[in-house]
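Written below as structure tokens is the structure these notes are about.
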Amino acid sequence: MDNTAATASEAPFLNLHEYQSKALFAEFGVPVPQGRVAKTAAEAAEAAKALGGALWVVKAQVHAGGRGKAGGVKLARSVEEVREHAAGMLGTQLVTHQSGPDGLPVDTVYVEQGSDIERELYLSLLVDRGRERVVIMASAAGGMDIEAVAETSPEKILTVAIHPAVGLSDYQVRQLGFGLGLNGPQQAELRDLLGKLVELFERCDASLVEVNPLIVTKSGNVMALDAKINVEDNALFRQQRLEALRDPAQEDEQERAARAHDLNYVSLDGNIACMVNGAGLAMATMDLIQLHGGEPANFLDVGGGATAQRVTEAFKIILANPKVEAILVNIFGGIVRCDLIAEGIVGAVKEVGVRVPVVVRLEGTNVDQGRALLAGSGVDIVAATDLTDAAVKVIALSKQGQS
């Protein structure tokens with residue numbers, strides 16, 4: 001019962017909770033078990049009573065996979081047991097293999113009716129940017145980390161690509177149905193379910209829709225036992241209803257601050273902070289730091305039109321990370337001039353009060369004027385002649401901070 005997609009801090013998307021995803025599934029006609037949200041143990045017990053039955057599942061609502069193995073998914077055979085499980089989860093930090101060492105706060109649980117499971121399958125829809133298609137992935141090895149299945153038994157993963165002009169074809173559904181070992185009536189249910197998921201994917205501007213597991217019940221029906229939806233950030237201007245579902249408590253604090261200033265920031269585990277203009281250049285900068293033995297502390301793209309204010313805010317966000325022991329600023333002056341960026345860097349360092357070494361590499365329009373401004377600023381900034389020189393210098397300075 002583990003979601004296997006990346007957490008919110010690892011990619012530019014809006015991550016929905018399971019209960020929110022299942023509400024969307026139900027809205028589009030995708031079969032899901034009945035469930036209710038609870039924020040207290042008493043509410044969880046009331047939810048179980050309202051749902052009825054003799055078996056319930058209590059699920060911690062966090063933006064990370066691996067909940068089951070971490071104690072975030074528990075079966076209950078009495079209302080009192082539902083209450084106990086909810087009380088044990090709420091107010092805690094759930095640590096999974098996807099959450100990071102600090103875990104994620106459990107502020108909500110989802111109480112769901114138990115299901116009679118005959119088989120567990122895997123199903124997901126995602127964007128394959130290489131093929132420029134929405135792709136459906138499926139596997140008979142449901143309920144497991146799909147990454148582990150891909151590594152150990154790649155032949156168990158079925159993939160079909162949807163042509164944007166044709167849509168999902170019947171032969172593709174049959175291919176998936178036969179591959180999953182479904183009988184005739186179950187394949188008809190799969191066809192209906194996939195059609196609704198494709199519609200949801202397109203209308204909600206999703207980047208991922210994952211069902212792990214998709215189950216076949218003992219009565220022979222196909223049902224989504226879990227649900228995960230990621231919505232493409234760049235489409236949120238037309239998905240304001242979904243944007244309102246964002247849970248800030250599940251997101252990295254620095255990433256939230258960066259988003260408020262239109263900065264693209266992702267936290268990492270290293271000690272060398274990076275500030276770069278351009279996503280490709282940022283990736284290359286991180287790679288070079290890694291190549292020379294350093295560890296990047298973040299991905300940070302201040303954008304092609306970087307301004308002094310943006311640079312200042314970027315420094316504040318970077319320095320909020322206590323692990324940072326050195327900063328590498330790598331700016332290519334194309335749209336924006338290097339001398340203006342240099343003024344912004346100097347002003348930001350003075351305003352923020354940077355206490356760790358700063359290495360700056362400038363290249364592009366007015367680079368000589370920019371370098372002269374940095375050299376004459378009176379601020380303790382180390383200039384670099386090229387990107388390799390910058391990486392070597394910042395790594396050396398970060399190690400000095402450790403000694």
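Out of curiosity, is Ala314 among the aliphatic types (A, V, I, L, M), buried (at least 22 other Cβ atoms within 10 Å of the Cβ), under 17 Å from Leu281 (Cα atoms) and modelled with pLDDT under 90? It is true that Ala314 is among the aliphatic types (A, V, I, L, M), buried (at least 22 other Cβ atoms within 10 Å of the Cβ), under 17 Å from Leu281 (Cα atoms) and modelled with pLDDT under 90.
Count of the stretch 113-147 residues, restricted to those that are without any contact (Cβ under 8 Å) to a residue 60 or more places away in the chain, among the acidic types (Asp, Glu) and buried (at least 18 other Cβ atoms within 10 Å of the Cβ), is 0.
When the stretch 242-252 is limited to residues that are in a helix (DSSP H, G or I) and farther than 25 Å from Gly303 by Cα, the one that is nearest to the chain's Cα centre (by Cα) turns out to be Gln250.
Does Ile215 count as under 18 Å from Glu112 (Cβ atoms), in contact (Cβ under 8 Å) with a residue 60 or more places away in the chain and out of contact with any helix residue (DSSP H, G or I) (no Cβ under 9 Å at 6 or more places or on another chain)?
yes
Total residues in the stretch 29-69 satisfying the condition of being more than 25 Å from Thr217 (Cα to Cα), of a type outside the set (Ser, Thr, Tyr) and out of contact with any strand residue (DSSP E or B) (no Cβ under 6 Å at 6 or more places or on another chain): the figure is 6.
Restricted to helices (runs of 4 or more DSSP H) entirely inside the stretch 102-217, no element has at least 3 residues that are out of contact with any Leu (no Cβ under 9 Å at 6 or more places or on another chain), among the aromatic types (Phe, Trp, Tyr) and over 29 Å from Lys59 (Cα atoms).
Residue-by-condition table, conditions (1) under 17 Å from the mean Cα position of the chain (by Cα); (2) surrounded by fewer than 16 Cβ atoms within 10 Å (Cβ to Cβ):
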site: Arg203; (1), (2): no, yes
site: Lys218; (1), (2): no, yes
site: Asp226; (1), (2): no, no
site: Glu232; (1), (2): yes, no
site: Gln240; (1), (2): no, yes
site: Gln254; (1), (2): yes, no
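The values are calculated or read from the model by the stated rules, or taken from the named source; none is laboratory data. Just so you know, these numbers come straight off a predicted model, no measurement behind them. No Cβ is skipped: glycine too gets one built from the backbone with ideal geometry, and neighbour counts run over all protein chains shown.
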